[in-house]
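The values are calculated or read from the model by the stated rules, or taken from the named source; none is laboratory data. Everything quoted here is computed from the prediction, not taken from an experiment. Cβ coordinates were reconstructed from backbone atoms using ideal geometry, including for glycine residues, and neighbour counts include every protein chain displayed.
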Amino acid sequence: MTNSLAFVLALLVAGIALIVILTAKYKVPAFFALFLACLVVGLGIQLPLVGVISVIKDGFGNILKSLGLIIVLGTTLGLLLEYTGSTTVMASVLVKKLGNRFAPLAMSITGFIVGLPIFCDSGFIVLSGLNLSMAKRTGSSVTTMSVSLATGLYAVHCLVPPHPGSSAAAATIGVDFGKLILTGIVVAIPAMLVGNLWARYAGKKAPDRVAENIIAVGQTSNRPPVAGACMPVFIPIILIGIRSFLTTGTVAYKGWLSILISLGDPVIALFIGVLLAFSCKRSWKRNELSKILQEAVEKAGGILVIIGMGGAFGAILTAAKIGEHLSQSLALGSMGIFFPFLLTSVLKTAQGSSTVAIITAASLVLPLLPALGLNTGTGKLLCVLAMGGGSMMISHANDAYFWVIAKFSGLEMKTMLKVYSTATLLMGLTALTMVYILSKLL
């Protein structure tokens, strides 16, 4: 039996509504919400139960095959940088170089750099002590400093691999990781600067608190030197970027260039970053090393099951042939990058998680790429970047990161909504503008 467009769209709306209600209202873990949505849509299009489970298994396995090692290694790298104090070293250097006058900008850049390998919530928690001590030392507004740090972390979290949302979208849509990292950074920088400008403007008008009884961070011994702290972050990015540049054409490289291409594989590059991070601490005790590696695996596991089930949901939508229905019925060609941006924005604002929003959107957009005119290498890249921008807006009370910022900065709900939530809206629009400009240049 052939399903009509109206029927398939009704199932799609039901599936997405189920995800939003279960995750946002009833706090059901995203894995189970996505699994139930797969069942609803799969059974709705009259697949047998065994067939639905088979499609779920295939979608789940395919996405983990692409991303499993990358997510585990990226998570491990982030935890090692936190544990060894490398993040604090990088932050302290930036603040010292830019001075008190540009302290908010220093915190934004700190968030941006530290956020490359570390999730935004972890990064904010790790740097919150330094942030408050800098606010006290420079006399800057805690609101301004906190939102500057938060938006710097958030910009790269939504746009740049190895963060799970952009990584999953790249794997689903079929985008080269190196190109996405390089162009994602280009898009994320203006978004970060807009977040910083709004934090400085709105932070002055918002009610503020005084940073008191804060112990300065970065004065303890045994922290790595600046070069040692930076290498685990930048060496993998450089290697992946070089690989992306060298493999753009059809030339077959030999010798040391072929070795360089191999080292630029995202898995190998991140593994090198992990090895470099080990050197940031002079001596390791067996128990502490075992503990941090175990924590990394456990944290990555929670991310992987969500990403895997997001891939399964995409496989179910492919089986429903929603792309064929929409491409035949709607004039999607005129929407281009705006459709994935708007779709991801709605999902993000409704249920709170940037990762879930972009994973779900990627599954929905994949079969629509030809109709959107984005079924080329460049088009797919722009599509993922547009979804990354959409996953920024709007962070509010249903976003866990929103509460991390509020809790560790001592900011009231009204202030958070006025300064931080508005900043994420402006950042998302800035990212979309940058993607549109890139679409005219590439």
Condition met for SER262 (of a type in the set (Ser, Thr, Tyr), assigned to a helix (DSSP H, G or I) and more than 28 Å from GLY59 (Cβ to Cβ)): yes
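Can you pull out every residue in the stretch 223-234 that is part of a helix (DSSP H, G or I) and over 20 Å from the mean Cα position of the chain (by Cα)?
Step one: list which residues in the stretch 223-234 are part of a helix (DSSP H, G or I), which gives 226-234.
Those that are part of a helix (DSSP H, G or I) and over 20 Å from the mean Cα position of the chain (by Cα): VAL226, ALA227, GLY228, ALA229, CYS230, MET231.
Could you tell me whether ASP265 is modelled with pLDDT of 80 or more and acidic (Asp, Glu)?
Working: modelled with pLDDT of 80 or more: yes; acidic (Asp, Glu): yes.
So ASP265 fits the description; yes.
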Do we find that ALA17 is touching a residue at least 60 places away in the same chain (Cβ under 8 Å) and out of contact with any Leu (no Cβ under 7 Å at 6 or more places or on another chain) in this structure? no
When restricted to VAL384, VAL346, the only residue at pLDDT below 85 and not in a loop (DSSP other than H, G, I, E, B) is VAL346
The residue that is nearest to ILE272 (Cα to Cα), considering only those in the stretch 129-154 that are small (Gly, Ala, Ser) and crowded, with 22+ Cβ neighbours inside 10 Å, is GLY152
Item to check | THR355 closer than 18 Å to GLY174 by Cα, at pLDDT 90 or above and in a helix (DSSP H, G or I) | outcome: no
Within the stretch 147-184, the residues that are touching a residue at least 60 places away in the same chain (Cβ under 8 Å), among the β-branched types (Val, Ile, Thr) and assigned to a helix (DSSP H, G or I) are VAL147, THR151, THR172, ILE173, ILE181, THR183
Would a scan of the stretch 290-304 turn up a residue that is over 26 Å from GLY165 (Cα atoms), surrounded by 14 or more Cβ atoms within 10 Å (Cβ to Cβ) and at pLDDT 85 or above?
-> no
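Quick check on this structure: which one of ILE56, ILE70, ILE125, ILE109 is among the β-branched types (Val, Ile, Thr) and surrounded by fewer than 21 Cβ atoms within 10 Å (Cβ to Cβ)? I'd like the intermediate steps shown before the answer.
Details: ILE56 fails: surrounded by fewer than 21 Cβ atoms within 10 Å (Cβ to Cβ); ILE70 fails: surrounded by fewer than 21 Cβ atoms within 10 Å (Cβ to Cβ); ILE109 fails: surrounded by fewer than 21 Cβ atoms within 10 Å (Cβ to Cβ).
Unique residue meeting the criteria: ILE125.
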Residue pairs qualifying under the 8 Å Cβ cut-off, at least six apart or on distinct chains, with the first in the stretch 279-296 being touching a residue at least 24 places away in the same chain (Cβ under 8 Å) and the second being exposed (fewer than 14 other Cβ atoms within 10 Å of the Cβ), are LYS281/ASN222; ARG282/ASN222
Of (1) surrounded by fewer than 24 Cβ atoms within 10 Å (Cβ to Cβ); (2) over 20 Å from THR424 (Cα atoms), LEU180 fails just (1)
THR360 passes all but one of the listed conditions (1) modelled with pLDDT of 90 or more; (2) assigned to a helix (DSSP H, G or I); the exception is number (1)
By residue number, the members of the stretch 115-146 that are without any contact (Cβ under 8 Å) to a residue 40 or more places away in the chain and of a type in the set (A, V, I, L, M) are MET134
The residue that is surrounded by the fewest Cβ atoms within 10 Å (Cβ to Cβ), considering only those in the stretch 305-338 that are modelled with pLDDT of 75 or more and more than 27 Å from the chain's Cα centre (by Cα), is SER334
SER409 vs (1) within 19 Å of the chain's Cα centre (by Cα); (2) of a type in the set (Ser, Thr, Tyr); (3) within 18 Å of ARG200 (Cα to Cα): all pass except (1)
Of the listed residues (GLY389, GLY379), the one being in contact with a Cys (Cβ under 9 Å, 6 or more places away or on another chain) and either part of a helix (DSSP H, G or I) or among the charged types (D, E, K, R) (or both) is GLY389
With the first residue restricted to the stretch 89-114 and required to be closer than 11 Å to LEU149 by Cβ and outside any helix (DSSP H, G or I), and the second required to be modelled with pLDDT under 85 and not basic (Lys, Arg), Cβ contacts under 6 Å at 6 or more apart or on different chains are none
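Filter the stretch 339-363 for residues that are aliphatic (A, V, I, L, M) and crowded, with 24+ Cβ neighbours inside 10 Å and give the result.
Matches in the stretch 339-363: LEU347, VAL356, ALA357, ILE358, ILE359, ALA361, ALA362.
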